[in-house]
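Only one structure is covered here, and it is reproduced in the block below.
The values are calculated or read from the model by the stated rules, or taken from the named source; none is laboratory data. Because the structure is a prediction, the values reported are computed rather than measured. Backbone-built Cβ (ideal geometry, glycine too); neighbour counts: all protein chains shown.
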Amino acid sequence: MDLTTPVFAPPAAPLKVAVILGSNREGRFGPVVAEWFLSRTAGHPGVETDLIDTADSEPPSVPRPADIAARLARADAFVVLTPEYNHSYPAPLKHLIDRHYAEWQAKPVAFVSYGGISGGLRAVEHLRQVFAELHAVSLRDTVSFHQAGALFDGRGGLKDPAPTDAAAKTLLDQLVWWGLALREARARRPYRG
């Protein structure tokens, strides 16, 4: 046994992770990134995902806010998939975040970003400030796709998956650690932000 590699024991109850797809533009690239990310979570022990798509909260298929609120409240952790629009994140994502408050508190938030040269990292930096205001814990490490369209083939697979697969594993391991720690803390003592 290699003593330098930590052993990951899956939690007794799966960590419920809401994966939020932040773009709703026509012809958006976000579903490709979401499919890739969800395929990474499928192989991670102890993670159960719920995809929340901001395109589903726009007319004509607007779900009642209580539906989204309940899904966010059930989540132990969040992963926000965001493009970068004009050095920031999309308006539908801001709208979704601002419609809720307590649902985010004392829970970890991880980021998967995509875009041009910056790979969406400027959007992530803005989101970190917003989630700090909501008493959420943002994870340091992200997964970022620079020039995202060129990285995926026509079937939605990565041309070179090794670097981003490793980054996704790191992000998920950290998310599970924070998610379990904060879930246990909230169970022992409710957070009053």
| remark: Residue hits (segment 112-134; under 26 Å from residue 187 (Cβ atoms), out of contact with any Phe, Trp or Tyr (no Cβ under 9 Å at 6 or more places or on another chain) and not aliphatic (A, V, I, L, M)) are 133
| Cross-chain or 6+ apart pairs with Cβ under 6 Å, segment 173-193 first and more than 12 Å from residue 16 (Cα to Cα), then among the small types (Gly, Ala, Ser) and in a loop (DSSP other than H, G, I, E, B) | 182/106; 186/106; 191/106
| query | For residue 56, are the conditions met, namely being surrounded by 14 or more Cβ atoms within 10 Å (Cβ to Cβ) and either at pLDDT below 95 or part of a loop (DSSP other than H, G, I, E, B) (or both)? | reply | yes
| task | Scan 169, 107, 94 and give me the residue that is within 20 Å of residue 32 (Cα to Cα), of a type in the set (D, E, K, R) and either touching a residue at least 24 places away in the same chain (Cβ under 8 Å) or surrounded by 21 or more Cβ atoms within 10 Å (Cβ to Cβ) (or both). | result | 169
| remark: Considering segment 137-153, residues that are aliphatic (A, V, I, L, M) and in a strand (DSSP E or B), and then whichever is farthest from residue 28 (Cα to Cα), we arrive at 137
